[in-house]
Structure formats: structure tokens, C-alpha cells
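These notes concern the structure reproduced below.
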Amino acid sequence: MVFLVLTVVVLSRMTSVLKTLGGGATEGRIGMSNRINAILFMAFLIFGSIAAAWSFIDASNYFLPEASSPHGRRTDFLFWLTMAIITVAFFVTNALLFYFAFRYQYRAGKKATYYPENHKLELIWTVIPAVVMALLVFTGWRAWRDIMSEAPEDAVVIEITGKQFNWITRYAGSDDNKLGNYNYKLIDANNEVGIDLSDEASFDDFVASELYIPANKPVLLKIRARDVLHSVFLPHFRVKMDAVPGMPTRFWFIADKTTEQMKNETGNQNFKYELACTEVCGRGHFSMKMNVVVVDEDAYNKWVSEQKSWLSTNPDYLARVPEKLKAKAAKYVDAAAGTASTDSTAAPVEGGAAGAAVSASMQ
Amino acid sequence: MATIETNVASVAHVAEHDHHEPQSFWRKYIFSEDHKTIAKQYLISGILWAILGASLSVIFRLQLGFPDMKLEWLRPVLGGWITEAGKLDQEFYLALVTMHGTIMVFFVLTAGLSGTFSNFLIPLQIGARDMASGFLNMLSYWFFFLSSTFMFISMFLETGPAGGGWVVYPPLSALPQAIDGSKMGMTLWLISMALFIVSSLLGGINYITTVINLRTRGMSFSKLPLPIWAFFLTAVLGLISFPVLLSAALLLIFDRSFGTSFYLSEIYIAGEALPNVGGSPILYQHLFWFLGHPEVYIVILPALGITSEVIAVNSRKPIFGYRAMIASMMGIAFLAFIVWAHHMFVTGMNPFLGSIFMFLTLIIAVPSAVKAFNYITTLWRGNIVFTPAMLFSIGLVSFFISGGLTGIILGNSALDIQLHDTYFVVAHFHLVMGAASAFGLLAGVYHWFPKMFGRMMNERLGYIHFWFTFVGIYLIFFPMHYIGIAGFPRRYYSFTAYDAFKTFGDLNAFISIAAVMTFAAQWLFVWNFFYSIFKGRKAPQNPWRSNTLEWTAPINPGHGNWPGEIPAVYRWPYDYSKPNAPEDFIPQNVPFSQTPESNLPHENEMIAMEKEIEAQNYNDQFKQPH
């Protein structure tokens, strides 16, 4: 590693500093050590530049693959553009700093140049950064404005709730494509996100422990937190938004590479998209992960149709449904009983027919 | 501390000032009202805190670099925080991160830096007997001491110190159910910070008053050395922003202890729905960062001020663009107040606000760039003497540039979406504010040690200390950018849970090794510092051949700093290598009438005003009837 080489070089120089200084005291106030320090700055400039360039090339093998969302590729482009500009500034200014330190080291009998100001020069280096900055700000602002714009009407709405220490997704279901209301006071061990069953839109909602996303369709994440701050981070899609208790947030984006495509693109057959928490939330913060699956639209629709509504897997909660909606809600419970008949022993006889009706409406 | 003893006794006293009774040990060294003693108290407290704060970072770096390492050997120190399996407890990891941040930002780089150098240098460089109020100054230190005590005690609690990150965002910090650190540890954190704010305000009021009112004859604002400008603007920043943090802390105390709902709303935790509704965690973030962002400049401005002085003295050149330096500091200080929400781009804050704050944030890059260019130009055609202080100042400029440039990326809200709360941010702020300010602090110590203790520090050790630290810090924080670009989130105990973050194990180990090496090198400084207080070579009157007033005071200045008259000031502090002058420096107290050979045309006109300057004496406290 070049860094280590650099360290060794510095170390060996240091020993020479020590050696020379032993006898250098006779040279007066400013002796050999001044020269050594000046040379070390040049050495640092040269070895540091090599180390910086080499380490970057080496590290870039491990950066994230190309963004899997159009807005992500846009911000990545802006990132690398800005990076290029600041890298130039980084090398030029540091090089001048260390070179001047070396070049204008103390020499006996020499006098520094009395050069207190130069308005023209100062004007130039005020205006140039200002102009560059203005251009960067403008491009950045346009990207920000587009990314943060209102989600398109046809966006797939998925609610994602953070809690210590996992995520829960809720889908609008296939009947009304509308998420039902929620209320944090209704949360309990089964009803983890506080689904409000007095809203009929919630009857067909279902929850999942994975984030399933259709490719090439706008997806609107409605983000909530149950206890403390969390943050939804989808590194491959360049998506991040905090989850705030009491204040729902959102982020919309388009995932345009399916998990399968990514497996091929990265050559890693085990490739998975992941969701990470990026706002410190307690003991389990570092492992608050959810797997993300991106599939094409047909596969997504199929997956949705296979999910059972939350109400149907928790039929006890039928009691929470207001009287006038009972009949409508019962269909979901009955349908589940009819098609799956796994956990419900009290399945009514006519369940089969109703279940068929619901399945039909799903298509 | 024997070296602090005054040698004023050997010098003839002015008639107006003759009450010089020897003070008791307590009044002289402990409850002292002398700005020099208080500065030393701040400095030594700051060094002790820095050792502790850095040790904590080494412990969590071990966890990050070597996740499989058995840390059983730390059990004698950490006790129950080492789990049965010989690993660091996960909540304790968060506590370490939190305490490292809190200690470094507030106790080391705010109190240790401003507290030391504002106290020490303001009276000596502006030509004052002492601070405007010695008593408030003493209170300021002892409030800080009390605050330190509370924070220190919190580290020994069974439930651990605060653990929600140094920003202590609620609801995590408000709910003891959420994390053990939010129990007693958080209470002590809040008490400690409240006391710290009181200390800061007492200090700040004093610095501002002293700079405005107690400048010596002829010391106009346009002749102030740049460190004083920096300390003055820093104090103004602190005075305006710290009270806002106090309000944030008070509301958090209310939420924690009195059932209010300022920051809490719709929370279900530990099997129950809390009754709080209507509060907003975002409110806390706004209040916190209204201090938190200026705080960054509270930390860096004094370091920049110190560097300006050290670079000019050791380049043997006037600082380039003295007025531009002041203007850029004023610009930074003003902008510091209107950029805070760039820490909150992805908190769910209105995106329109994000746009506004992006524009304002990136404006700050302009005055910062001006400062960097001015430092570099000051070196140009200089005659550079590499004292340890000079090395650290050049190091600071390098860090300030390298870390500052990535701020252009993070200040861009569109790019911040991906990088927010990743290691890219950690790398950025550690370079631009952490390492840069620490280098300012170290430069200041090396430069003014002779004035503080009347002795010199060992230069060779200083060089070695610099090169290890400078290279070490780049080895730690430069590669961290790569980890950030790869998306690694900060405050993670380990990265094993994710496929995406399984890479860079070697790089993390490398960073940890560099951190241990850098930490080890600091002991050279600690040894050098304490050894030289007692055994260092005796300092000459003006070891760096510097222009500012402190070097006209006795080598060990006593009570009142100058025996007899305070020197008057006739010229700016940067007359280095003036053409035709016999020496390469002309101190501020040398009148133009004595240097006809080197005067510039407009300076010859100033000779007429010398009589006027000399006639003034209203700022000498010793001349007031009392």
C-alpha cells in the first residue's frame, strides 16, 4: 500500500531530522531542520498525490454499481462532475501550498517580499469561485426540484414504517389501490402499523416484510416512524428520506433495473437490493435492514394478487369494523377463508363463492 | 505551575498602581481572576478532555476496523460494556460515538480553543491589563468545570452516558424506553450542556466587551491582529447562537421530565401508545442546528485567526489581504446563521426550504476560498521559518482546503440525498472542522507557549509530532471518502448485516491502524507540553521576532501584564520585511517617527498623529481611581 510506503518514507526522514539536529544547533536560530521540513512538504506533495490517485483507483472497484434509477444517474453525474472540479482545485491549491513552503523556505540574508495586498488578484479569486459555485448550484437545484416534485398520479403507493428495529411495508391492495387510514393508537402486537379498520380503503391493504417494487413505474414511498427517527436509505437507487414520528414524509422514484438484471450486470448471482436505516435509532440501528426486490410489472401484479389482505389474515379484527361496513369487510375475511382456509375455523359455507368473486375482481 | 510566578516585582511600579499584595494559592491558581491563569486552566482542561475524547474514538475504531477482535483486555477499564463474548456492547458503541462528538466539539474545540486563546491573547494583543470582568471570567471557567464534571460523571453510570449521537435528536433522546443512554445519562448531558452554555455566554460577553472597550492607545479596529478579529467574531456567533441551543435543551428537558410534547407526537413504543401529540422532532433539529451550524464556525474561526498570525510571522511577510481576511471572516460569520438547514435536507423538511438553504450554503464557499488563497499567497515569496507552529498552520490550511471542497458536494441538496449520514460526511467535517481546528489549537500552543510559561517547547519533538499527526490524519480521513461514496452509513456498529456494505473491510482496518498511530503520536505532544512547563529552555523576550504587543510584555507577565505604561500602538501588526527597514519586523509599538527609512508615503502623514495617540490613557484600568 502506497500509504504505508509514504509512512515509512516519512519515518526515515524523521530519523534524519533527529540526526542532523544533534549537530545542527551551531548553525544558529534556523538550521538544517528548516530545510528538512521544507523537503518533507515536497515529499508529502509527491507521495501524497500518488497515494491519493492510486487509492482512488483501487477503491473505485468497490463503489456501488451504476444507479438503478433515472434520478440516481442524474445525481451521480452531478456528483462526479463536481468531484472533478474540486479534485482539480484540491490538487492545484495543495500543490501551491506545499510548493511555496518548499520554494520560499528560509535563506539567510534573503528578505521576504513586502506584498500586503492586490485588489485585482483578490477580485479574480472571489469572482471565479462565485461563478463556478453559481453553475453548480443551478444544476443541483434543478435536479433537486425535479426529484422532490409531486409524484405522478399513477405512482404505485407503498407505505413504509420504521420501528426499533425493522421496517414494515403496507401496500394499497388490489381492489382500490388506496391505502387506508391509520392511527398510532390502534397499534398492537398484530396491527403493527395501526391500520384503521373504520376506513373501508384499508380492508384490502396488505403488509409485507419485503419491499417489492415494480420496475419502470413511479413508486411513491409514504414513510412513517413508530417510535424514534429512522431513515429510509436505498443506496442502489440513491434514495434517502427520514422517517419521522408524527410527520409522514415521502419520496418518489423509478426503479428501472430489476433484481435479475442487476444479477447479470454485477455478475453476482446473489445480488440483492437492500434498504438501510441511516438515522441513529438505538441498539439495533446497524442491522435495521429490509430486503428490496424489483421485478417487472407483470410479476409485480402477480405478486400483489397473491398477497392476502391484512384483515383476512387477522379475522379477529372484524370486530373493529363499524356496523355499516361489516358486510363489505366480511367479504375479505370470507374470501381468505374460502381460498386458503388455513387458520379460520369459523369459515362460512358460502365462502367459496365470495372468494371466487374477489379473485375475479383482482384480475 | 511555578513558572507562572511574576517577575513584575523586579520592575519599578507606576505610582498609580501599588496594591500588589501576594495572593493566596487558591486565589492565584484556582479561583484566579487573571486572564492568563484562566487561559491555562482552559488549556489544561482541554488537553485532558482531548486525550479522553480521542481515546474513545480509538476504542470504536478498533470495533470498526477489527470487528472480530476480542476486546476482553479492555474489561478492566470498560467492565460490563464488554459483553460475555468479549465484544463491545452495541449501545455502548453508540455512547462512545456520542461522547466523542460532544467532548471534541464542545469541550476541546470550543472551550479548549476559544477559552484558552481568547482569554490569553485578547488582553495581551490589544494592550489591556486584563479582561473587562475578571470575576465573570473566573465564573466562566468554573461553570465549564462544573459542566465537565457532570459530563464526566455521566460516563460512569450503569446505564451509560447519552447515546443518541452528539446531536441527541429526540424522540430517541427523549424516551428512556428507546435506549439506555436516554435515561440518567441524557439527563446529565442536558445539565452539563446547560452549564456549558452559561459558561460560554459569560466568556463571550467578556471577550466582546474587552475587545470593544479596552484596546490600548492607538489600537484601532483596523490595527487589530487577526486572531483578535477571529475571537471577537467567534464570541458574537456564540452569544447569538448558544441561547438557542439552551432553549432546545430546555424544551427537551420539559419533554423528558414534565410530560410536554414539544418534540413528541404519535409514538408507540415498548408496547404502549404515548399520549403526546402535536409535537415535532423537526423543531428540535431546527433549534439544534441554529446553534450547531454556527458552532462549526465557532470552532474553526479562532483556528483560522491563530493561523493567520502564525503564517504571517513565520513567512516574514504581511498577511496577504488583511482587509479581505477580515471581510471574509465577517461574511462567514454572517452566513453561518442562515445555512443551518443544510443539515436537514432529507429530514422531510419542505423541499423549497432545501433549495433556499442550498443557495445560501454554497455562498459560504466564496469567503472560505478567499481565505485559502490569501494564506497561500502569504507564503509566496516569503522567507519561511518552519517552527512547529508554522508546520501546524500549513497543515491547517491543507485540511481546510481538502475538507472544505467536499462541502461543495454536501451543500448541494440533490447530491446530499445519497451522501447524507454516510462516511462521506464524517470525512468532510473531520477534515475541515475537526482536524483543522485541532491544528489551529496545536499551532497556538506551540506559538504562544513561551508567553504562557516563559519557556520553550522542544522543537524537534514538535516536528515529529507534526509529521506523524499530519500524515496520520490524512491516512484516516482521506480513505473515509471512499467508504462514504460506497454508501456506508455512519454510526453503524458493524457492516456485516448488509451485502452492499461488506466491502472495504481492509480499508476500515487500515483507517483504524492509522488512527491508533496518530493517537500514539499525541503523547509526544503531551509529554513535550508538561515537561517544557517545568524544564523547557528559558524563553527569550520575542522568540519568533513577532510584531504583536504580547511580546513587549515581560517574559513572565504578571498581574496587569505590563509594568508601568501599557505600550501605545502606531501601526498595523504585519510590518514584516518592510523595504529599507534594518530588521525584518517592526513591532506595533514602534512609532513611524522612528522608522523614516521604511515609511510608505501615507505613513509619514501618520507621524503627526502620534502625539494625539500618546495623550490618550483612558483604557488603562490601573489608572482609574479605585
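Here are some notes:
- Residues in region B:569-593 that are in contact with a Gly (Cβ under 6 Å, 6 or more places away or on another chain) and either open to solvent by 10 Å² or more (accessible area, probe 1.4 Å) or within 14 Å of another protein chain (Cβ to nearest Cβ) (or both): B:Y570 alone.
- Among the candidates A:A112, A:A101, the residue that is in contact with a strand residue (DSSP E or B) (Cβ under 8 Å, 6 or more places away or on another chain), facing chain B (nearest Cβ under 10 Å), assigned to a helix (DSSP H, G or I) and under 24 Å from B:F585 (Cα atoms) is uniquely A:A101.
- Within region A:249-290, the set of residues being at the interface with chain B (Cβ under 8 Å from one of its Cβ atoms), in a strand (DSSP E or B) and within 27 Å of B:Y93 (Cα to Cα) comprises A:E274, A:A276, A:C277.
- For region B:362-370, the criterion of being closer than 29 Å to B:F529 by Cβ, more than 7 Å from every other protein chain (Cβ to nearest Cβ) and out of contact with any strand residue (DSSP E or B) (no Cβ under 9 Å at 6 or more places or on another chain) is met by no residue.
- Residues in region B:467-496 that are among the small types (G, A, S) and either facing chain A (nearest Cβ under 7 Å) or not in a helix (DSSP H, G or I) (or both): B:A486, B:G487, B:S494.
- Residues satisfying the stated conditions in region A:226-248, i.e. within 16 Å of A:R170 (Cβ to Cβ) and open to solvent by 10 Å² or more (accessible area, probe 1.4 Å): A:R226, A:P248
- Boolean, B:N206 is assigned to a helix (DSSP H, G or I), more than 14 Å from chain A (Cβ to nearest Cβ) and in contact with an Asp or Glu (Cβ under 8 Å, 6 or more places away or on another chain): no
- Positions within region A:190-248 being of a type in the set (D, E, K, R) and in a strand (DSSP E or B), in sequence order: A:K222, A:R224, A:K240, A:D242
- Listed conditions (1) part of a helix (DSSP H, G or I); (2) at the interface with another protein chain (Cβ under 9 Å from one of its Cβ atoms) are all met by A:A67, apart from (1).
- Condition broken by B:W142, with the remaining ones in (1) buried (at least 19 other Cβ atoms within 10 Å of the Cβ); (2) at pLDDT 95 or above; (3) closer than 30 Å to B:K36 by Cβ satisfied: (1)
- Matching residues, region B:255-275, being open to solvent by 20 Å² or more (accessible area, probe 1.4 Å), more than 31 Å from the chain's Cα centre (by Cα) and more than 7 Å from chain A (Cβ to nearest Cβ): B:S257, B:F258, B:G259, B:T260, B:S261, B:F262, B:A270, B:G271, B:E272, B:P275
- Cβ separations smaller than 6 Å between residues 6+ apart or across chains give the following pairs from region A:116-142 residues that are within 8 Å of another protein chain (Cβ to nearest Cβ) to residues that are part of a loop (DSSP other than H, G, I, E, B) and surrounded by 13 or more Cβ atoms within 10 Å (Cβ to Cβ): A:P116/B:P318; A:E117/B:G321; A:E122/B:G321; A:G140/B:N412.
- Note on region B:296-340: among residues that are part of a helix (DSSP H, G or I) and of a type in the set (D, E, K, R), the one that is farthest from the other protein chains (Cβ to nearest Cβ) is B:E309.
- B:F453 being within 11 Å of chain A (Cβ to nearest Cβ) and not polar (S, T, N, Q): no
- When region B:20-41 is filtered for residues that are part of a loop (DSSP other than H, G, I, E, B), of a type outside the set (S, T, Y) and under 26 Å from the mean Cα position of the chain (by Cα), the ones remaining, listed by number, are B:F31, B:E33, B:D34.
- Scanning region B:177-204 for residues that are without any contact (Cβ under 8 Å) to a residue 40 or more places away in the chain and either open to solvent by 30 Å² or more (accessible area, probe 1.4 Å) or of a type in the set (D, E, K, R) (or both) gives B:K183, B:M184.
The values are calculated or read from the model by the stated rules, or taken from the named source; none is laboratory data. What you see is a predicted model, and the numbers here were worked out from it, not measured in a lab. Virtual Cβ from ideal backbone geometry, glycine too; neighbours counted across all protein chains shown. Ligands, DNA and RNA are excluded from the accessible area calculation, which covers all protein heavy atoms including side chains. Shrake-Rupley method; radii C 1.70, N 1.55, O 1.52, S 1.80 Å.
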